[in-house]
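Participant: Got a structure here, written out as structure tokens. Questions coming.
Nothing in this text is a laboratory measurement; each read-out follows from the coordinates by a stated rule. Since we're looking at a predicted model, the values are computed, not measured. Reconstructed Cβ throughout: ideal geometry from the backbone, glycine too, with neighbour counts over all protein chains shown.
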Amino acid sequence: MSDKVMKRILVTGATGQIGSELTIALRRKYGRDNVVAVGHRKQPSETLLSSGPYETADLTDKASAEKLVKKYEIDTIYHLAAILSATGEKNPQQAWNVNMGSLYNILEIAREQKLARLFWPSSIAVFGPTTPRISTPQETVLLPHTMYGITKVAGELLCNYYFIRFGVDVRSLRYPGIISSEVLPGGGTTDYAVEIFYEAIKKRRYTCFVREDTVLPMMYMPDCIKATIDLMEAEPSRVKRHDSYNVAGMSFSAGELVAEIKKYVPDFRCDYKPDFRQAIADSWPMSIDDSLARKEWGWKPDYDLADMTRDMIEKLSKRHGEGKL
Ligand code: AKB
């Protein structure tokens with residue numbers, strides 16, 4: 001499969017936080033008509049609709065995904081559609097069915113249609129409370145306590161199996177929390193690190209659902225897009241893992257994020273009211289060792305906490321601010 005090139009791309013979960021920006025980045029790179037966005041229930045943005053083809057499909061139904069792959073002569077899929085950690089804990093049965101059902105269907109389509117390449121995101125949620133939490137290694141204990149994390153561990157194993165057994169060139173990253181300014185995330189444990197910016201700009205107040213001292217690994221969207229596309233474009237000889245790669249951007253506590261935002265919004269006030277998501281956050285790593293991704297295919301993030309905060313405040317205050325910042 002390594003001699004194939006990526007020309008016609010399908011992005012599932014295209015209305016989501018990552019999908020909406022990744023689709024636009026791929027359209028800029030490969031041409032608007034070569035990147036098909038697929039959503040399900042959520043309304044697509046005007047930008048997504050006007051910048052290239054858009055379709056809706058329920059990916060737990062293999063036939064509807066297959067129809068799109070044939071209609072657009074797809075050779076590459078970025079399969080981002082999933083239920084995240086917090087929503088997954090409210091309905092674990094649905095999280096299993098959607099996350100595993102859709103991944104299995106997409107892997108089967110990749111095998112049958114001999115697709116050139118497939119991207120599927122894993123997550124820091126593969127780790128659990130017995131995993132070392134500081135500089136979490138690539139190879140370590142994978143015993144998550146969330147259904148979302150369980151679908152990510154099972155998904156990594158399934159991806160690796162399809163590579164070994166059927167030669168499907170599937171590639172994956174263990175995304176940390178992703179911070180972005182275009183589309184809000186939905187249903188994740190790391191969502192506070194995005195919501196806080198919107199509330200700081202609009203209301204100068206935020207009630208954070210994790211404790212002030214909660215430290216999690218995060219990444220700014222431009223780095224997330226760079227990591228994803230770089231991995232997918234890397235020469236096959238440089239991609240030795242087909243389960244998933246650790247990748248890191250930055251790590252900070254909720255309190256450190258508040259202090260950074262206050263440099264731009266001095267009257268911003270954050271209160272802390274931890275809910276059920278605190279236990280999920282406490283079971284995840286605080287920082288990630290991504291040295292393998294750096295060594296094998298040249299991963300290196302561009303943004304730290306200060307750069308990311310400056311950029312987020314600038315973008316959001318243009319859109320939502322009162323011109324005071
Ligand atoms: C979540 O919080 O569920 C996601 C993730 C870290 O995978 N953002």
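Participant: What distance in nm separates the simple spin-label points at ASP230 and LEU184, each placed 7 Å from Cα in the Cβ direction?
Facilitator: 3.1
Participant: Say R0 is 41 Å: what FRET efficiency, to the nearest 0.05, do SER237 and GLU108 get from their beta-carbon distance?
Facilitator: Details: r = 26 Å, r/R0 = 0.65.
Working from the Cβ atoms, E equals 0.95.
Participant: Continuing with this model, one more query. Using Cα positions and a limit of under 15 Å, work out the aspartates and glutamates in reach of LYS67, with same-chain residues fewer than 8 apart set aside.
Facilitator: Candidates past the 8-residue exclusion: GLU55, ASP58, ASP75, GLU108, GLU112.
Participant: Put a dot 7 Å past each Cα toward the Cβ at ASP61 and LYS300; how far apart are the dots in nm?
Facilitator: 4.8
Participant: While we're looking at this one, here's another question. If packing is taken as the mean number of other Cβ atoms within 10 Å per residue, what is the order of 206-219, 50-63, highest first?
Facilitator: On the way: 206-219: 20.4, 50-63: 16.0.
Taking the mean over residues of other Cβ atoms within 10 Å, the ranking is 206-219, 50-63.
Participant: Quick one: order ILE178, ILE106 by neighbouring beta-carbon count within 10 Å, fewest to most. Could you put the intermediate results ahead of the total?
Facilitator: Details: ILE178 24, ILE106 27.
Starting with the residue having the fewest Cβ neighbours, the order is ILE178, ILE106.
Participant: How high is the relative contact order of the chain? Use alpha-carbon pairs under 8 Å, at least six apart in sequence, and give a whole percent.
Facilitator: Numbers: 646 pairs, mean separation 59.4, N = 325.
Computed value for the chain: 18 percent relative contact order.
Participant: Can you give the FRET efficiency to the nearest 0.05 for SER51 and ASN160, using r as the Cβ-Cβ distance and R₀ = 30 Å?
Facilitator: Values: r = 34 Å, r/R0 = 1.13.
Efficiency at R0 = 30 Å is approximately 0.30.
Participant: Also, I was wondering about something else. Once both axes come from the Cα atoms, what is the angle between helix 17-30 and the longest principal axis of the chain, in degrees from 0 to 90, rounded to 10?
Facilitator: Here the helix axis deviates by roughly 50 degrees.
Participant: Then there's this: Nearest 5 is fine: what % of DSSP beta bridges in the chain come out antiparallel, could you say?
Facilitator: Details: 4 of 32 bridges.
In the chain, approximately 10 percent of DSSP beta bridges are antiparallel ones.
Participant: Treating the beta-carbon of each Lys and Arg as +1 and of each Asp and Glu as -1, no other charges, what is the dipole magnitude of the range 4-89 about its Cα centre, to the nearest 20 debye? Don't skip to the end; give the middle numbers.
Facilitator: Working: 13 positive and 10 negative charges, 73 e Å.
Its charge dipole is roughly 360 debye.
Participant: Most mobile of ARG27, ARG41, ARG241 per a Gaussian network model of the chain (Cα springs, under 10 Å)?
Facilitator: ARG41
Participant: Beyond a 32 Å Cα-Cα separation, which of these cross-linked pairs lie in this structure: LYS152/LYS263; LYS29/LYS70; LYS29/LYS300; LYS29/LYS240; LYS90/LYS114?
Facilitator: Flagged as over cut-off: LYS152/LYS263; LYS90/LYS114.
Participant: Right, another one. Which GluC sites (Glu not before Pro) in the range 238-325 sit in a loop by DSSP (not H, G, I, E or B) and have at most 13 other Cβ atoms within 10 Å of their own Cβ?
Facilitator: Values: sites: GLU256, GLU260, GLU296, GLU314, GLU322; in loops: GLU322.
Counting only loop positions with at most 13 other Cβ atoms within 10 Å, the GluC sites (Glu not before Pro) in the range 238-325 are GLU322.
Participant: Output the relative contact order of the range 103-171, whole-number percent, from Cα pairs under 8 angstrom with separation of 6+ residues.
Facilitator: Rounded, it is 42 percent for the range 103-171.
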